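Trainee: Please see the structure below; I have some questions.
Bear in mind these aren't lab numbers, they're just calculated from the coordinates by the rules spelled out. Predicted, not measured: the structure shown is a model, and the values here were computed from it. As a convention, Cβ positions derive from the backbone with ideal geometry for all residues, glycine included, and neighbour counts pool all protein chains shown.
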Amino acid sequence: MIGRLLGRKLGMTRIFSAEGVALPVTVIEAGPCYIVQKKSLAADGYDAVQVGFIRKRLDKLTKPLQGHYEKHGFKSGFRFLKEFRLESISDLEVGQELDVSQFEIGERVDVVGFSKGRGFAGVIKRWGFQRGPETHGSMSHRAPGSIGASAYPSRVFKGKKLPGRMGNARVTTLTLEVVDVRPESNLLILKGAVPGARHGLLLIKKSE
């Protein structure tokens with residue numbers, strides 16, 4: 001197996017261990033995914049597989065995607081289509097199903113997702129700055145304050161903490177423990193939190 005899978009975050013809950021300890025866990029609908037296309041070193045310059053997740057009717061897709069799926073023998077498309085680069089694809093076939101059975105209880109996985117988007121935020125919300133005085137004629141309440149020198153270097157240094165878009169960034173959470181695997185329900189239960197909102201797309205891969 002490829003040791004990777006696409007999934008959707010269903011939410012958080014808690015379960016109790018055999019010792020009676022309450023564990024905060026995230027429930028993920030992981031797969032089933034299907035191999036849509038194989039890319040080889042000879043034809044494409046690298047070895048990879050293209051994987052689809054969550055079925056979608058062909059007539060709901062663009063014409064190029066419809067042709068892509070029909071070319072590889074699929075009667076329906078997928079909502080999500082991702083490519084995984086691998087060292088070897090000899091044991092994989094187009095149409096092969098990938099599910100949570102490739103993960104085991106107790107092993108560690110990395111989860112990649114996109115954090116919740118918070119929109120445009122000021123420095124107090126975005127970076128935890130303290131506010132300025134509220135009284136005595138102060139005109140600087142939630143402003144960022146001075147952002148650089150005057151004549152030299154006559155620019156703002158890159159990486160300065162300023163207002164801007166908060167969240168909606170790619171986040172990877174490392175070495176989460178697999179608490180339970182339920183292939184019959186396509187569920188993967190991990191200890192701890194994973195990035196993103198409910199029903200957000202996740203990539204789960206075995207930790208190296």
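Trainee: Amide H to amide H under 5 Å from GLU83: which residues, 5+ apart in sequence or cross-chain, H placed 1.01 Å off N in plane?
Mentor: Excluding prolines and chain starts, which carry no amide H, the hits are VAL51.
Trainee: Taking amide H atoms as placed 1.01 Å from N in the peptide plane, list the residues 5 or more away in sequence, or in a different chain, whose amide H sits under 5 Å from that of GLY167.
Mentor: ARG118
Trainee: Just want the answer: with Cβ charges of +1 for Lys and Arg and -1 for Asp and Glu, which residue in LEU92, ILE147, THR175 is farthest toward the dipole's positive end in the chain?
Mentor: Sorting the options by dipole projection puts first ILE147.
Trainee: Using a ≥ b ≥ c from the Cα gyration tensor of the stretch 101-208 (square roots of the eigenvalues), is it rounded, prolate or oblate, where a/c under 1.5 gives rounded and otherwise the larger of a/b and b/c decides, a/b for prolate?
Mentor: prolate
Trainee: Assign unit charges at the C-beta atoms only (+1 for Lys and Arg, -1 for Asp and Glu), then state the dipole size of the stretch 99-160 relative to its Cα centre in Debye, rounded to the nearest 20.
Mentor: That gives the stretch 99-160 a dipole magnitude of about 600 debye.
Trainee: So, one more: Net charge within 11 Å of GLU107 by Cβ-Cβ distance, Lys/Arg positive one each and Asp/Glu negative one each, not counting GLU107 itself?
Mentor: Residues near GLU107 contribute 0 overall.
Trainee: Using +1 on the beta carbon of Lys and Arg, -1 on that of Asp and Glu, and nothing else charged, what's the dipole of the chain about the Cα centre, debye to 20?
Mentor: The calculation lands at about 1480 debye.
Trainee: A further question follows. Once you charge only the Cβ atoms, +1 for Lys and Arg and -1 for Asp and Glu, what is the size of the charge dipole of the stretch 125-208 about its Cα centre, to the nearest 20 debye?
Mentor: Result for the stretch 125-208 is approximately 440 debye, rounded to the nearest 20.
Trainee: If you don't mind, another one. Sort the following peptides by mean Cβ neighbour count (other Cβ atoms within 10 Å, averaged over residues), highest first: 108-121, 56-69.
Mentor: 108-121, 56-69
Trainee: So, one more: Using only Cα atoms, locate the centre of the stretch 92-118 and the centre of the stretch 7-24, then give the distance between them in Å, rounded to an integer.
Mentor: Going from one Cα centre to the other spans 18 Å.
Trainee: Using a cut-off of 24 Å between alpha-carbon atoms, which lysines can reach LYS125, once sequence neighbours fewer than 8 places away in the same chain are excluded?
Mentor: Hits, sequence-local ones excluded: LYS116, LYS158, LYS160, LYS161.
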